[in-house]
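Working notes, beginning with the structure itself.
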Amino acid sequence: MVYTCIDMSSELSYKKIKQALESVDPKLRLVFDATTSEIEPLPSVDIYANLLESIVSQQLSTKVAEIIWHRFLDLFPSQYPDPMAVLELDITQLRGVGLSGSKSNYIQNVARFALDNDMSLGKFGALSDAEIIEYLTTIKGVGKWTVQMILMFPLDRPNVFPVDDLGIQTKMKYWYGLRSEKKQLKKEMLDIAESWAPYKTLASKYLWASSMTKA
């Protein structure tokens, strides 16, 4: 079975998705109003490169992650991290651009996986979200959150909710007045997000972008 993403390329369909979300969860109107600009889908066909960038970005601010990513790309004459070229680098070279030892190893694990496995858009288009998570988390250093970022951004899958993301947790506690922690917090978040289906991705992106002020 081939899974396709909801077409959010046009302004009309994008507005309809937001309207649908507001109709099932009025609090999302406040979230939408608390963003400074409209969010645009950013699909990409290069899942391999996006996976590398997602690993670089783990637990870093957007600004720092961008600096390290561009330093990493500067290691390659073509500015593209071809898998074989990545594997030819010493760990010390990777660490020299600001990557931790663990991330350096994880990046080479992804490169090794890309040489031996299909990373094409066609491959992922034939898999469900759960199947993609299972496929990519076989790579040491690639966890569920990392794959969810791939599903939400380059693949633009419409119904992903990263409940473990600290940013999403912080924003939902703020907008929904949640006071729980850990397992109970995640349960309450999942219960709320269930009403967003099949548009959980868009709601999550707006939560990330929202400014925490109700004034």
Per residue, how big is the convex hull around the C-alpha atoms of region 47-152? Give it to me in cubic angstrom, could you? 93 Å³
Separation of region 180-213 and region 68-110 by C-alpha centroid, Å? 34 Å
Roughly how tilted is helix 166-176, in degrees to the nearest 10 and between 0 and 90, from the longest Cα axis of the chain? 10 degrees
Taking Cα atoms only, helix 62-73 is inclined relative to the longest principal axis of the chain by an angle, in degrees rounded to 10, of 30 degrees
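Excluding Leu127 itself, what net charge comes from residues whose Cβ is under 11 Å from its Cβ, given Lys and Arg +1 and Asp and Glu -1?
Numbers: positive: Lys123, Arg157; negative: Asp118, Asp129, Glu131, Glu134.
Local net charge: -2.
Can you count the Lys pairs in region 69-212 with C-alpha separation below 13 Å, eight or more apart or on different chains? Don't skip to the end; give the middle numbers.
Numbers: Lys103/Lys140; Lys171/Lys186; Lys171/Lys205; Lys173/Lys182; Lys173/Lys186; Lys173/Lys187.
Summing the qualifying lysine pairs gives 6.
Using the number of other C-beta atoms within 10 angstrom as an exposure proxy, rank Ser61, Ser210, Ser180 with the fewest first.
Sorted ascending by nearby Cβ count, the order is Ser61, Ser180, Ser210.
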Which residue fluctuates the most in the chain, going by a Gaussian network model with Cα springs under 10 Å, if the choices are Ala203, Ala130, Ala193? Ala130
By how many degrees, 0 to 90 and rounded to 10, does the Cα axis of helix 101-116 deviate from the longest principal axis of the chain? 80 degrees
Per-residue Cβ contact counts at 10 Å, fewest first, order Trp175, Trp145 as Trp145, Trp175
Just want the ordering: Met189, Met84, from fewest to most Cβ atoms lying within 10 Å of their own Cβ. Met84, Met189
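Quick note: the coordinates plus some simple rules give every number you see, no bench work behind them. Since the model is a prediction, treat every value here as computed from it, not as a measurement. Cβ: placed from backbone, ideal geometry, glycine included. Neighbour counts: every protein chain shown.
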